[in-house]
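The values are calculated or read from the model by the stated rules, or taken from the named source; none is laboratory data. As the structure is a prediction and not an experimental result, all values here were calculated from the model. Every residue, glycine among them, receives a Cβ derived from its backbone with ideal geometry; neighbour counts consider all protein chains shown.
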Amino acid sequence: MQIAIPLYDGFTALDAIGPYEVLQQLPDNEVVFCAPEARTYRTESSMLGVSADKGFEDVAHPEVVVVPGGLGNRRWLSGPNPYTEWLAAVHETTIYTTSVCTGSLLLAAAGLLDGVDAATHWAARDTLAELGANPVPERVVERGKIFTAAGVSAGIDMALRLVESIAGATAAQAVQLGIEYDPDPPHDTGSVEKAPPELVAAARAVLEQTDAEVAKRLGIG
């Protein structure tokens, strides 16, 4: 089974690496980082680079696709472009097409989420709706063969549910134990529905400032 994770400059590290760490433990699988061209792509902070070993032309029929989020994908949300065209093409034959965080924006831009319930980062729900999807406040949303996860850390939850769908509950439980995924956060503010309004406002302000800085560095409009 080939599992493809498309990269672009300005992706969020955990969106890609979290699911990778889970899915690479499936037997008889090949996890491939791919992109329009084979090279190193850097995260939003630019501190980490991950190599895409294959170009899209070499990954034409993956069984599973995991699209990470990140501010860098905003340059690929309109007009014909390599990312949306590749996603639309491979979706026709995938067993599962998935996304993490704002990776769902790319799925929507590719026309795969029209009228479909989907998750994304809480700060991007309006954008997801503008692209034709139906944002829902759930950590992981399964609609047919499309799985979408909410922000960043939710990609691990999504990947474990994907393992269960592919290989069964016991396999998913074993992988969860193997990575010792047993969250015990110090505060119960991990979703916008749980956090107090003043914290949501403060977090949104920080995100907007950070996004503006990242967008300037990436040369996004």
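Tallying residues that are over 18 Å from Thr12 (Cβ atoms), at pLDDT 95 or above and either among the charged types (D, E, K, R) or surrounded by fewer than 21 Cβ atoms within 10 Å (Cβ to Cβ) (or both) within the stretch 63-83 yields 3. Of the residues making up the stretch 1-54, just one is touching a helix residue (DSSP H, G or I) at 6+ places or on another chain (Cβ under 9 Å), surrounded by fewer than 16 Cβ atoms within 10 Å (Cβ to Cβ) and acidic (Asp, Glu), namely Glu37.
The helices (runs of 4 or more DSSP H) found entirely in the stretch 139-221 that carry 3 or more residues being farther than 22 Å from Thr97 by Cβ and among the acidic types (Asp, Glu) are 197-218. Checking each residue in the stretch 23-79 for being touching a Leu at 6+ places or on another chain (Cβ under 7 Å) and acidic (Asp, Glu) picks out only Glu44.
Conditions (1) among the charged types (D, E, K, R); (2) touching a residue at least 24 places away in the same chain (Cβ under 8 Å); (3) closer than 23 Å to Pro36 by Cβ, marked per residue:
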{"site": "Asn81", "(1), (2), (3)": "no, no, yes"}
{"site": "Trp86", "(1), (2), (3)": "no, yes, yes"}
{"site": "Ala89", "(1), (2), (3)": "no, yes, yes"}
{"site": "Glu92", "(1), (2), (3)": "yes, no, yes"}
{"site": "Ile95", "(1), (2), (3)": "no, yes, no"}
{"site": "Thr102", "(1), (2), (3)": "no, yes, yes"}
{"site": "Asp114", "(1), (2), (3)": "yes, no, no"}
{"site": "Ala118", "(1), (2), (3)": "no, yes, no"}
{"site": "Asp126", "(1), (2), (3)": "yes, no, no"}
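Check whether at least one residue in the stretch 202-218 is under 18 Å from Val65 (Cβ atoms) and out of contact with any Gly (no Cβ under 8 Å at 6 or more places or on another chain), and report yes or no. For the stretch 202-218, residues under 18 Å from Val65 (Cβ atoms) and out of contact with any Gly (no Cβ under 8 Å at 6 or more places or on another chain): absent. Being loosely packed, with under 14 Cβ neighbours inside 10 Å and either within 16 Å of Ala4 (Cβ to Cβ) or touching a residue at least 12 places away in the same chain (Cβ under 8 Å) (or both) holds for only one residue in Ala60, Ala108, and it is Ala60.
Of the residues Ile220, Ile146, the single one that is touching a helix residue (DSSP H, G or I) at 6+ places or on another chain (Cβ under 9 Å), surrounded by 12 or more Cβ atoms within 10 Å (Cβ to Cβ), in contact (Cβ under 8 Å) with a residue 60 or more places away in the chain and not aromatic (Phe, Trp, Tyr) is Ile220.
Taking the conditions exactly as written (at negative phi and surrounded by 13 or more Cβ atoms within 10 Å (Cβ to Cβ)), does Val136 satisfy them or not? The answer is yes for Val136.
Among the residues that make up the stretch 179-200, is at least one of them hydrophobic (A, V, I, L, M, F, W, C) and closer than 30 Å to Leu26 by Cα? Full working, then the answer.
Let us first name the residues in the stretch 179-200 that are hydrophobic (A, V, I, L, M, F, W, C), namely 179, 192, 195, 199-200.
Of the ones still in play, those that are also closer than 30 Å to Leu26 by Cα are 179.
Yes, the conditions are met somewhere in the stretch 179-200.
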